[in-house]
1. When region C:296-329 is examined, which residues are found to be within 14 Å of chain B (Cβ to nearest Cβ) and farther than 17 Å from residue A:52 by Cα?
2. Take residue B:143 and tell me if it is among the hydroxyl-bearing types (Ser, Thr, Tyr) and part of a helix (DSSP H, G or I).
3. Across region A:25-59, what is the total count of residues that are in a loop (DSSP other than H, G, I, E, B), within 7 Å of chain C (Cβ to nearest Cβ) and over 30 Å from residue B:28 (Cβ atoms)?
4. Which one of these is in contact with a Leu (Cβ under 6 Å, 6 or more places away or on another chain) and aromatic (Phe, Trp, Tyr): C:250, C:277?
5. Determine which member of the set A:105, A:65 is within 11 Å of another protein chain (Cβ to nearest Cβ) and either buried (at least 16 other Cβ atoms within 10 Å of the Cβ) or at pLDDT below 95 (or both).
6. What number of residues within region C:107-152 satisfy the criterion of being within 16 Å of ligand 1 (Cβ to nearest atom) and not aliphatic (A, V, I, L, M)?
7. Can you pull out the residues in region A:122-139 that are part of a helix (DSSP H, G or I) and either open to solvent by 100 Å² or more (accessible area, probe 1.4 Å) or in contact with a helix residue (DSSP H, G or I) (Cβ under 9 Å, 6 or more places away or on another chain) (or both)?
8. Would you mention how many residues in region C:74-106 are of a type in the set (Asp, Glu) and within 12 Å of ligand 1 (Cβ to nearest atom)?
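The values are calculated or read from the model by the stated rules, or taken from the named source; none is laboratory data. Note that the structure is a prediction, hence the values are computed from the model and not measured. Every residue, glycine among them, receives a Cβ derived from its backbone with ideal geometry; neighbour counts consider all protein chains shown. The protein model used for the area step is the full one, side chains on, heavy atoms only, and it has no ligands, DNA or RNA in it. Shrake-Rupley method; radii C 1.70, N 1.55, O 1.52, S 1.80 Å.
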Amino acid sequence: MEYIDPRVNRMELPANDDGKEIIESLEEWETYEVFHQKKRGEQHIHVGIVHAANPEIALLMAKEAFGRRRQTANLWVVKTSAVTATDYEDQDIFETTPEKTYREASDYYCMDRIRKYQEEHGIEDRKEERRKKKEVRVK
Amino acid sequence: MSINTGEMKDIKEFLYKIADDQLIIGHRNSEWTGLGPVLEEDIAFSSIAQDKIGQSLHIYEILHSMGEEVPDIIAFARKAKDFRCSHLTEYPIGEYDFSLMRNFFFNHAEHLRFEMLASSSLEPLANLAKKYKGEIKYHIMHSDTWVKQLGRANEESHTRMQSALDKTFNLALGIFEESDFADALREVKVFDGESVLQDKWFEEISSILDKAGLVIPERSKWVPSYGGRKGQHTEYLEPMLEEMGEVFRLDPKAEW
Amino acid sequence: MYGNAQIDIKEKSKSLIEGEDPVKLAEFEARIIRGEKIEPKDWMPKAYRNQLIRMIEQHAHSEIIGALPEGTWITRAPGFRRKLALMAKVQDEVGHGQLLYSAAETLGKTRESMINDLINGKSKYSNVFNYPALTWGDTAIIAWLIDAGAIINQVTNSKGSYGPYCRALERICSEESFHLKYGHDNVVYLATGTAQQRELVQDALTRWWQPIMHFHGPPDKVSEHTEILMKWKVKMATNDEMRQRFLDEYVPKIWDLGLTIPDPNLKKNESTGQWEYTEPDWEEFKRVINGGGPCNKERLQVRRWAEERGAWVRRALMKPEQKYTVPLA
Ligand SMILES: [Fe+2]
Ligand SMILES: [Fe+2]
């Protein structure tokens, strides 16, 4: 039979004996998680997986699967089985309480105290001086 | 440096043979698209095929700037006898072992040829070598990894890789068929010649094949498959070109 | 039907939530209502898992089988630009298969068993790929209009609830924009080219119109099942909604080129904003999807050929200590 696909004409097509398992289990090997770094200095970011028989093949495959269309400086591959992750069930361990403001920069303001002290002790406020200079410059 | 017309013709012939090799092997490798042994490898092999064809296009552009036809005409409308590719590149894809082994032999020759060209007196050639250094490095990584791993993985893969090697070796030697213009190119410091390249190539592939547990035929049995560089090709090239230009030649007035 | 949720006959008779823990189900549904994504190890209803596996797997199969009709033309593409672009496009489609199988794997079905099911006909792929790409004109129409249909489906599904599927679709959609541009450019060159080129593309459009109208699947029957799948954000739009979006965006662009769509009844009803058309032959659709199309057999045989030819490579590198872990994300 003549096929439309010239490649197919060059193949010896197998019979369609339905039901046979073509690929045995584990034949597609293990999976490796792929981490991609766009530029030097940036973080590596998880971008997906590749199937590979060993780390060397995994890198070879990851290079084209995840590097061919984006700028890449570096790739990591890690066997999926080597990754330990938290459980989504336990996502609540990351919840925080609103009281923990003591670790936010925005929680620290002591200008009031400084101004009060300056007024009481006749120290000139540098900010006030700067504001005036700026006004002169604008004019 | 100034180049006289005789040298110009030699340089063109030289460029044709490099580009034709890349185009034909790239085209052959592209036939695996969608049919590779694992999806990831399918993607990787397609990239390699694209790179090779892309590189050939660049060289045809250089040729065009030297007064030859436009790249599309050069590639899609030339007769088989005008092609200067080696026999190795012309063979059908066969089994994956054949395609891998062919690519392995070819990549090493290509990488060393480009390395030699990097110091060529001809600027566009030297630039070419620099531009594609990274692409070719990956091609080498790819074929070395597969050859080393499959050469030693199990009995079937070892037997397959060894017999693919036996089938392709003389074809691969055909890459280094010396041309009449070799001396002229050496004189103007464009290229040092095929036998220098072949020696370097042999050294490189020997060490990899050794690691792969694969055996190279004894020198006494070497019968290089020559002729490609002179336009004498295998039976496979013509139908391949016929297919490649099928749509392009449908309508000579058409822009595709 | 690229990867849009369809109710399996076996599941039609029973409720999709039969036997599920009502508390867990409520939590699950609340998460989806809040717009949060479901991740692989989360609790999920069995029907949700099964629907997604089937849908993503079919989508993945469509990518790798879809690589065949277009892959055919790589060796014949006219000129460097088209040849390289087509290679990159078909390569992307294989890559989409890789990404989608990976997403489906996170739900617990291995790639081996998905591919086995494809080859043995237990799992479907998009019906359009059971038709042949007869000429270079067909590849142009496929790359433009089939990919356009796929994009509508994929953009819609990328807003669904299952994290790994959405992530895969986002990457896929960014690559599809190149496919669409490439396909359109290709059609434009043919349509504005020589008489012979124009004939190529018109012919292809005429032949592909019915499969294109089939692409998003038959009109959905309103049912409790469909409602649940929509609530779970597995099904993000009805087949007819997607078909309407497709017609709205692409029919004018086809007409811009003076090409004829082989349906005299095709027009936009300005008062309803809906496109009206001759209903495509859904009997033919069923016949083809059940194996009666011109290329069903060839497609699976070729896929089987590829798997059989590649088996020695895969088996050579298998190691006894190797074990499979479900991918993380
Ligand atoms: Fe796709
Ligand atoms: Fe696409």
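1. The initial filter retains those residues of region C:296-329 that are within 14 Å of chain B (Cβ to nearest Cβ), namely C:298-320, C:322, C:327.
Scanning region C:296-329 gives C:298, C:299, C:300, C:301, C:302, C:303, C:304, C:305, C:306, C:308, C:309.
2. Details: among the hydroxyl-bearing types (Ser, Thr, Tyr): yes; part of a helix (DSSP H, G or I): yes.
Yes.
3. Looking only at that region, the number is 2.
4. Working: C:250 fails: in contact with a Leu (Cβ under 6 Å, 6 or more places away or on another chain).
Among C:250, C:277, only C:277 is in contact with a Leu (Cβ under 6 Å, 6 or more places away or on another chain) and aromatic (Phe, Trp, Tyr).
5. Numbers: A:105 fails: within 11 Å of another protein chain (Cβ to nearest Cβ).
Only one candidate qualifies: A:65.
6. Number satisfying all stated conditions: 8.
7. Initially, region A:122-139 is screened for residues part of a helix (DSSP H, G or I), giving A:126-138.
Those that are part of a helix (DSSP H, G or I) and either open to solvent by 100 Å² or more (accessible area, probe 1.4 Å) or in contact with a helix residue (DSSP H, G or I) (Cβ under 9 Å, 6 or more places away or on another chain) (or both): A:126, A:127, A:130, A:131, A:132, A:133, A:134, A:136, A:137, A:138.
8. 2
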